[in-house]
Amino acid sequence: MTGDSSETNRLLERAAEGDQESWGALLTRHRERLRRLVAFRMDQRLQGRIDPSDVIQEVCLEAAAALAEYLRQPAMPFFLWLRGITGNKLLELHRHHLGTQMRDARREVSLYRGASPETTSAALAAQLLGHATRPSEAAIRAEAKVRLQEALNGMDSLDREVLALRHFEQLSPAETAQVLGISKKAGGMRYLRALKRLKEILTNLPGGPREP
């Protein structure tokens, strides 16, 4: 049992029989979610050098080649399987372009039980703060980012990852629990704890309270 919907299972069955239209429909359903993963997990040093659309295209080709193997013994929902392929592709790109630089000590947040590049506190901070639109906001935002990164580094690493999965990859509670290898109840408790801590952190940042 993978937890996929009956419609997804129907499309998978047709895709396994060689129906390209069904395969295309499956990929279209999940393409935007995969793009969020690529945008969030890709090292900032590669952004602008690698087009996320090209990454997703390679993922689709690899998934098509491995579909029959997946269907023989599906151990996870289809999207999480695609997500794993995407994570492996990102790791491959990071190793190729960054090499030993991947071991930078600033990369603190690991993706538990998954093959994906680590999430940095810098990436989390950038996503949480958004982008300043006026020059007068730049100094405040820079100070806030430093303080936010320091605060995120002080959080439990699993709690940080729960925030990343729920807020920025927009995984469901069940998907988050499966990725982390914990129960749905434990995942929910982690999320509530992390969210409470995050709200406390954001409230104390320069510029006043913010909601995640």
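Computed quantities for the displayed model
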read-out	value
Residue within the stretch 193-205 that is of a type in the set (A, V, I, L, M), part of a helix (DSSP H, G or I) and at pLDDT 85 or above present	yes
Filtered residues of the stretch 158-192 (kept if in contact (Cβ under 8 Å) with a residue 12 or more places away in the chain and surrounded by fewer than 15 Cβ atoms within 10 Å (Cβ to Cβ))	Gln170, Ala174, Gly181
Every residue from the stretch 13-34 that is over 24 Å from the mean Cα position of the chain (by Cα) and either under 18 Å from Glu175 (Cβ atoms) or surrounded by 15 or more Cβ atoms within 10 Å (Cβ to Cβ) (or both)	Arg14, Ala15, Ala16, Ser22
Yes/no for Glu175 being closer than 29 Å to Arg31 by Cα and at pLDDT below 90	no
Residue list for the stretch 1-43, filter: closer than 16 Å to Ala63 by Cβ and outside any helix (DSSP H, G or I)	Thr2, Asp4, Gly18, Asp19
Pairs, first within 16 Å of His96 (Cα to Cα) and assigned by TED's automatic domain parsing to the domain that holds His96 in the stretch 34-50, second surrounded by 15 or more Cβ atoms within 10 Å (Cβ to Cβ) and among the hydroxyl-bearing types (Ser, Thr, Tyr), C-beta under 6 Å, six or more apart	Arg41/Ser116
Residue within the stretch 66-88 that is at pLDDT below 95, buried (at least 19 other Cβ atoms within 10 Å of the Cβ) and touching a Pro at 6+ places or on another chain (Cβ under 7 Å) present	no
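The values are calculated or read from the model by the stated rules, or taken from the named source; none is laboratory data. Predicted, not measured: the structure shown is a model, and the values here were computed from it. All Cβ positions, even for glycine, are placed from backbone atoms using ideal geometry, and neighbour counts span all protein chains on display.
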